[in-house]
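A short write-up of the structure that comes next.
The values are calculated or read from the model by the stated rules, or taken from the named source; none is laboratory data. Just so we're clear, the structure is a prediction, and the values are computed from it rather than from any experiment. Glycine gets a Cβ as well: all are built from the backbone with ideal geometry, and neighbour counts include every protein chain shown. Please note that ligands, DNA and RNA were not included when accessible areas were found on the heavy atoms of the full protein model with its side chains. Shrake-Rupley method; radii C 1.70, N 1.55, O 1.52, S 1.80 Å.
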Amino acid sequence: MTSDSGTIFGGRKLVVLAATAEILIPEGGAIPYDSTDIDLQGFATQFIATGWQNRFGLVAALFVIEWLMPLLLARRPGRFSRLPADIRREVLQAMHHSKVYLLRGLLLLVNTVVQMAFYSDTRISEYIGYSNHNPGVNIVDQPQGATRVEQP
Amino acid sequence: MRTIDATEFTSSTKLDCEIVVVGSGAGGAPLAWSLAKAGWDVILIEEGSHFRTNDFSRRVWESTRTMYRDAGGTVSLGVPAIPIPLGRTWGGTTTINSGTCLRVPEFMFDKWNRDTSFQLGLQDLLPYYQMAEEIQNVEPVSDTLMGEGNRLFRAGAEKLGLRGKPLDRNTRDCKGSGLCAFGCPTGAKQAMGQTFLPQALEAGLRGYTGLRAVDVQVRGGRATGLVAHPLRQAGDLRINRSIKVKIQAKKVVLAMGSIYTPWFLLRNQLANASGEVGRNLSIHPAAKLLGVFNHDLFGWQGVPQAYLVDEFHEEGIVFEGAFIPPAALAFALPALGQELKSMMQDYNKIAGFGVMVSDSTRGKISAGFGGRPMITYNLNKEDTLRFRKGVAIGAQVYLEAGAREVISPIFGRERIRSTDEAKDILSMKLRPADLELIAFHPVGTCRMGSDRYRDVVRPDGRTWDIPGLYISDGSLLPGSPSVNPQLTIMALALRIADGLNAKRN
């Protein structure tokens, strides 16, 4: 899936995002879906098309996670995406509970993208009992989103 | 009558009118409506796209991506960093807000009159409040439509003896679909796109979407029109510089909102002899309070923002209902991995409310870089303590209503499981960085008042510095109104239009 500007979210960035998402939304547990069940690349591609500041923020956060956090928080040199899952979990939990505001903020940004991608999938939102078609409310179902306005 | 999609222009063009309005939200739409009905030749331009009721997708990401500026990622930099969701669509932020319509309370008008040169009082705006309320059918939320999260908070508040009431909202035949913040899918929310704008188009308003103003033309010190470019395509962030739209007008009204109107003025070095453009930013920050119950309550059904607890209003603390679909809630929960999955499995057991603080903190809009404003805001100690009190009280309310725990916005105290723990918050040392906040009501950045050295805009809406240049949006307010500001922005817009209409007559 391409963004409006033609840039696909891929390469190294996608590897790091996927490695992070694997921990943020792991296999098993209360919901029988995980990060591999969603189109993370497609969602991230759309996300980075929403403005250079969103793109910069996500890429910067992933860079910090990949290159700095393993050494800083788990005393393990090496790339985050190449670490075993338990070490990656330790790193992200440390960011989540860090007293350093910036570290919490960087993880929050990545987590926002991942969780929004996950729960935007109707299989998953319906699994937890949500429907954007409120029972009893007559909403005309439209197959597509925005439409352009005709010229007069 | 339809709007015209400027992204389909194939060549540069010149347009002529008497008044051009930039922005179709709560400041631009009522003003354009009043002027068009009075017979002015009015053009209104809007950067966003025109989504009709049937266009709303009801999907969080699709709606956020297409109707919110920055996909909802407009953020003030500071401690803490605070998201300030803004609309970028026909109808402005009114298309994606909760629909709450409240008048500024009298004590706040008194404060403004005392502390600033804002001269208007409740009585001055009363006829305009009434007009806006009538056109939008402002009515209190009925009990049957109230979301369960609101009912539970009400129950807890009543047990604690806290004053509250159903919220007034701009709705007609509301069905309680709970999607107010993503475009009302039934057309019940009487936002600008359902009321002022269609009526204005019928009265002869020419409305253009996908068109971004880039500069005001000033000749002999007077505003004579503006220059705009269409976006490359509907919804795009980039403009098509090869196509220029010049709009000649006798008067120019900027109604782009409290972030973008001052940014526009700063970028183009306009109307800032006072040095006050962009200053005095108040955002009315808010924080979540999520009650987790032992039974399914389906908090997403019914009106999400239906009840108000205003016991502490004069202290600057109010509580209003709030709830959001899973895609917008999950990342706000204090858990990761399997623990988060377990919490989200109980999504239907979660109820939501919000605490808002009428801030004494003041931030700033700067010209920024990369085609974006820079918003800076650092929460001060006074407001931090207000949040401490608000969270402690709000948690007690939901616990009193039967919640087994309350999710709070305080780092290190995210899960409150007893009244003692809630009360304990009042004595904790709380730093601004410990708070997770969001804000929906930026105001104050082009203050209206009678002092040309402290205010950007005169009491009649004209800028002090440039004849023919007006402002009509939330930036006019001297400070936080302590309630949702859209009704007051509309009232001010109608008053400004009245002044223009009187001159015409």
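When the range A:23-37 is limited to residues that are within 10 Å of the chain's Cα centre (by Cα) and not in a loop (DSSP other than H, G, I, E, B), the one that is farthest from the other protein chains (Cβ to nearest Cβ) turns out to be A:S35.
Give the range B:215-237 a look and list any residue that's touching a helix residue (DSSP H, G or I) at 6+ places or on another chain (Cβ under 9 Å) and either within 14 Å of chain A (Cβ to nearest Cβ) or open to solvent by 40 Å² or more (accessible area, probe 1.4 Å) (or both), or say none. Spell out how you get there, then give the answer.
Taking the range B:215-237 and keeping what is touching a helix residue (DSSP H, G or I) at 6+ places or on another chain (Cβ under 9 Å), we get B:215-216, B:228-237.
Result: B:D215, B:P230, B:L231, B:R232, B:Q233, B:A234, B:G235, B:D236, B:L237.
Restricting attention to the range A:1-37 and to residues that are modelled with pLDDT under 95 and open to solvent by less than 30 Å² (accessible area, probe 1.4 Å), the residue that is farthest from A:V59 (Cα to Cα) turns out to be A:S3. Please go through the range B:300-327 and give me each residue that is open to solvent by 10 Å² or more (accessible area, probe 1.4 Å) and facing chain A (nearest Cβ under 7 Å), ordered by number. Once the filter is applied, which keeps residues that are open to solvent by 10 Å² or more (accessible area, probe 1.4 Å) and facing chain A (nearest Cβ under 7 Å), the range B:300-327 yields B:W300, B:Q301.
Which one of B:E400, B:E382 is open to solvent by 10 Å² or more (accessible area, probe 1.4 Å) and under 25 Å from B:L77 (Cα atoms)?
Values: B:E400 fails: under 25 Å from B:L77 (Cα atoms).
Checking each option against the conditions leaves just B:E382.
Scanning the range B:61-75 for residues that are of a type in the set (K, R) and either part of a loop (DSSP other than H, G, I, E, B) or more than 7 Å from chain A (Cβ to nearest Cβ) (or both) yields one hit, B:R69. From the set of residues in the range B:238-257 that are under 25 Å from the mean Cα position of the chain (by Cα) and of a type outside the set (V, I, T), which is nearest to the other protein chains (Cβ to nearest Cβ)? Checking each candidate, the answer is B:R238. The single condition from (1) closer than 30 Å to B:H295 by Cα; (2) buried (at least 17 other Cβ atoms within 10 Å of the Cβ) that B:T94 fails is (1).
So which residues in the range B:238-276 are within 17 Å of B:T10 (Cα to Cα) and either among the hydrophobic types (A, V, I, L, M, F, W, C) or crowded, with 24+ Cβ neighbours inside 10 Å (or both)?
At the first step, the residues of the range B:238-276 found to be within 17 Å of B:T10 (Cα to Cα) are B:238-247.
Hits for the range B:238-276 are B:I239, B:I243, B:V245, B:I247.
When B:T116, B:T171, B:T186 are checked against the criterion of being over 20 Å from the mean Cα position of the chain (by Cα), within 14 Å of another protein chain (Cβ to nearest Cβ) and touching a residue at least 24 places away in the same chain (Cβ under 8 Å), B:T186 stands alone in meeting it.
Would a scan of the range B:444-452 turn up a residue that is out of contact with any Pro (no Cβ under 7 Å at 6 or more places or on another chain), within 17 Å of B:T116 (Cβ to Cβ) and open to solvent by 40 Å² or more (accessible area, probe 1.4 Å)? Yes: one or more hits. Within the range A:38-80, the residues that satisfy the criterion of being within 12 Å of another protein chain (Cβ to nearest Cβ) and either among the small types (G, A, S) or more than 15 Å from the chain's Cα centre (by Cα) (or both) are A:G42, A:A44, A:A49, A:G51, A:W52, A:Q53, A:G57.
Please find, within the range B:142-162, the residue that is nearest to B:C101 (Cα to Cα) out of those that are over 25 Å from the mean Cα position of the chain (by Cα) and charged (D, E, K, R). Steps first, please.
Taking the range B:142-162 as the starting set, the residues that turn out to be over 25 Å from the mean Cα position of the chain (by Cα) are B:143-144, B:152, B:155-162.
Imposing the further condition that a residue be charged (D, E, K, R) reduces the set to B:143, B:158-159.
Values: B:D143: 18, B:E158: 23, B:K159: 27 Å.
Among residues in the range B:142-162 that are over 25 Å from the mean Cα position of the chain (by Cα) and charged (D, E, K, R), the one nearest to B:C101 (Cα to Cα) is B:D143.
Do you know which residues across the range B:21-60 are touching a helix residue (DSSP H, G or I) at 6+ places or on another chain (Cβ under 8 Å), at pLDDT below 95 and assigned to a helix (DSSP H, G or I)? The one that is touching a helix residue (DSSP H, G or I) at 6+ places or on another chain (Cβ under 8 Å), at pLDDT below 95 and assigned to a helix (DSSP H, G or I): B:V60.
Criterion first (within 29 Å of the chain's Cα centre (by Cα) and more than 30 Å from B:N272 (Cβ to Cβ)) does B:A433 satisfy it? Before the answer, list the steps.
On the way: within 29 Å of the chain's Cα centre (by Cα): yes; more than 30 Å from B:N272 (Cβ to Cβ): yes.
In short, yes.
Scanning the range B:330-353 for residues being open to solvent by less than 10 Å² (accessible area, probe 1.4 Å), within 19 Å of B:F298 (Cβ to Cβ) and more than 8 Å from chain A (Cβ to nearest Cβ) gives a total of 5.
Residues in the range B:76-89 that are open to solvent by 10 Å² or more (accessible area, probe 1.4 Å) and at the interface with chain A (Cβ under 9 Å from one of its Cβ atoms) were compared, and the one that is nearest to B:I489 (Cα to Cα) is B:A81.
Would you call A:A85 farther than 25 Å from B:F411 by Cβ, surrounded by fewer than 17 Cβ atoms within 10 Å (Cβ to Cβ) and more than 9 Å from chain B (Cβ to nearest Cβ)? Walk me through how you get there before you give the answer.
Details: farther than 25 Å from B:F411 by Cβ: yes; surrounded by fewer than 17 Cβ atoms within 10 Å (Cβ to Cβ): yes; more than 9 Å from chain B (Cβ to nearest Cβ): yes.
In short, yes.
State whether one or more residues within the range B:327-349 are among the acidic types (D, E) and outside any loop (DSSP other than H, G, I, E, B). It would help to see each step written out before you state the result.
Filtering the range B:327-349 for residues among the acidic types (D, E) gives B:339, B:346.
Keeping just the survivors that are outside any loop (DSSP other than H, G, I, E, B) gives B:339.
Yes, some residue in the range B:327-349 is among the acidic types (D, E) and outside any loop (DSSP other than H, G, I, E, B).
Could you grab me the full set of residues in the range B:90-139 that are among the aromatic types (F, W, Y) and either within 19 Å of B:F196 (Cβ to Cβ) or assigned to a strand (DSSP E or B) (or both)? Walk me through how you get there before you give the answer.
Of the residues in the range B:90-139, the ones among the aromatic types (F, W, Y) are B:90, B:107, B:109, B:112, B:118, B:128-129.
Scanning the range B:90-139 gives B:W90, B:Y128, B:Y129.
Checking the structure you have, find out if any residue of the range A:92-112 is farther than 19 Å from B:Q338 by Cα, outside any helix (DSSP H, G or I) and touching a residue at least 24 places away in the same chain (Cβ under 8 Å). Yes, some residue in the range A:92-112 is farther than 19 Å from B:Q338 by Cα, outside any helix (DSSP H, G or I) and touching a residue at least 24 places away in the same chain (Cβ under 8 Å).
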